[in-house]
């Protein structure tokens, strides 16, 4: 109880300290909005109440301190990010529910010469997780892939691991558990839909600059970063957790047996594949259209105004709820019960609340204040990416990546525009390093990794120390190379 009371009081204490300290150059309403946001961040870290409830604090505090009235405050929560997360989370669940995700992973792992070699199997396991994470959020991929990884460990113990793999935690178990986390993080860097911080950062960029980030535009730099980090993470894990043996007796046969169990595509899997195809087409069409159509073509104008990337997830939900998976019963690809139980309401409200507060900060001069402050620090186009990457990496190990992306996006994105560094590149960079991995409380994917029982906090910590350093350096160098070509 004493610990809970301390967590409850930590937020208000931060609020009153920040609201009382003079901040030259920032108006009083902007200072109060920032104080409210930091109160939220403290509670999102310590979690004395659920994230979703913390996200509602502005509805109480901003009207109470006469910063905004209730109606204006409530309007901040009308964020497109809410439906984006809901739609993509349900798409990921549909892949899991109808078995498409498992089919994809098993098929990749049954490629020739993969299953019998421990090192090749582990790499392709991470590759499968990474590819899935390009289109399904990292938390969803960890939830889908960990059972496959744990079943592989059980099989290896049963056919050839006695005396080589300890019954408790092992190098192989640590590799599988932490490798699932890191490969999902690497895959999530590739596309704008890969992780919640991507969506939040893109939303902040569009609000500050007025320019959306296209699906292909993100992938152009996201895919090279993703593949590079996947390989780096693999070798880091091999260094820390070299598997107990190199060959898996009967590994290929086990995976082929699992593949045969899958049978033919069922109607639910076909529906999800159709939905996926539609989703990809809608994402890429606005990026391709300018190359095929004249600038004043009405179709191109409609793409720009009516087919924003934010409209795609609601369309995805329409397909999933409208297509029957079994016409005889009948049942549907997804039901409303699925939506109620599988939508990550807590995380969705956190993202919505974080973006709402960044909008409020923009309304009350915080962006201009930070522009002025950063100018005095003498940041350059070469140093800004390093400062952004390392500050984001450090903060996301103690706070939600979504909250960090929202807060630092308001600081560094306008600074990039002012200094002369590509703001799109900096936005993607910030999102790519805004995933916590050091502690179980760093985020849902890290929590599920720890909950697998195959690893310990000390192992997550030591790997993250090295991985965070390589992540920050590698991502910055790739962005410095690619940014001039956006």
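The values are calculated or read from the model by the stated rules, or taken from the named source; none is laboratory data. None of these values were measured; they are calculated from a predicted model. As a convention, Cβ positions derive from the backbone with ideal geometry for all residues, glycine included, and neighbour counts pool all protein chains shown.
Among the residues of the range 235-257 satisfying the criterion of being at pLDDT 80 or above and outside any helix (DSSP H, G or I), which is surrounded by the fewest Cβ atoms within 10 Å (Cβ to Cβ)? Restricting to residues being at pLDDT 80 or above and outside any helix (DSSP H, G or I), the top hit is 242.
Looking at the range 443-481 only, could you name the residues that are surrounded by fewer than 16 Cβ atoms within 10 Å (Cβ to Cβ) and either in contact with a strand residue (DSSP E or B) (Cβ under 6 Å, 6 or more places away or on another chain) or not in a helix (DSSP H, G or I) (or both)? Listed by number, the residues that qualify are 453, 456. Among the candidates 223, 278, the residue that is surrounded by fewer than 20 Cβ atoms within 10 Å (Cβ to Cβ), free of Cβ contacts under 8 Å to residues at least 60 places away in the same chain and closer than 30 Å to residue 413 by Cβ is uniquely 223.
Listed here are the residues, each with its yes/no results for (1) crowded, with 19+ Cβ neighbours inside 10 Å; (2) in contact (Cβ under 8 Å) with a residue 24 or more places away in the chain; (3) assigned by TED's automatic domain parsing to the domain that holds residue 275; (4) within 30 Å of residue 265 (Cβ to Cβ).
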{"position": "7", "(1), (2), (3), (4)": "no, yes, no, no"}
{"position": "20", "(1), (2), (3), (4)": "no, no, no, no"}
{"position": "37", "(1), (2), (3), (4)": "yes, yes, no, no"}
{"position": "43", "(1), (2), (3), (4)": "yes, yes, no, no"}
{"position": "47", "(1), (2), (3), (4)": "no, yes, no, no"}
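Please specify each residue of the range 57-93 satisfying the condition of being farther than 20 Å from residue 310 by Cα and buried (at least 18 other Cβ atoms within 10 Å of the Cβ). Step through it out loud before you land on a result.
Step one: list which residues in the range 57-93 are farther than 20 Å from residue 310 by Cα, which gives 57-74.
Within the range 57-93, 57, 58, 61, 62, 67, 68, 73 meet the criteria.
Just one of the numbered conditions (1) surrounded by fewer than 18 Cβ atoms within 10 Å (Cβ to Cβ); (2) touching a residue at least 12 places away in the same chain (Cβ under 8 Å) is not true of residue 122: (1).
Quickly run through the range 397-429 and pick out the residues that are outside any loop (DSSP other than H, G, I, E, B) and more than 18 Å from residue 357 (Cα to Cα). So that I can check it myself, show each step before the final result.
Kept after step one, since they are outside any loop (DSSP other than H, G, I, E, B), are these residues of the range 397-429: 401-419, 423-429.
Hits for the range 397-429 are 415, 416, 417, 418, 419, 423, 424, 425, 426, 428, 429.
Does residue 179 satisfy the condition of being under 15 Å from the mean Cα position of the chain (by Cα), buried (at least 24 other Cβ atoms within 10 Å of the Cβ) and either at pLDDT below 90 or assigned to a helix (DSSP H, G or I) (or both)?
On the way: under 15 Å from the mean Cα position of the chain (by Cα): no; buried (at least 24 other Cβ atoms within 10 Å of the Cβ): yes; either at pLDDT below 90 or assigned to a helix (DSSP H, G or I) (or both): yes.
Judged against the criteria, residue 179 is not a match.
Of everything in the range 22-31 that is at pLDDT 80 or above and under 33 Å from the mean Cα position of the chain (by Cα), the residue that is surrounded by the fewest Cβ atoms within 10 Å (Cβ to Cβ) is 29.
Find the helices (runs of 4 or more DSSP H) located wholly in the range 258-369 whose residues include 3 or more that are at pLDDT below 85, and list them.
Per the criteria, 267-292, 298-306, 345-363.
The condition of being buried (at least 23 other Cβ atoms within 10 Å of the Cβ), closer than 25 Å to residue 205 by Cα and at pLDDT 85 or above holds for residue 429.
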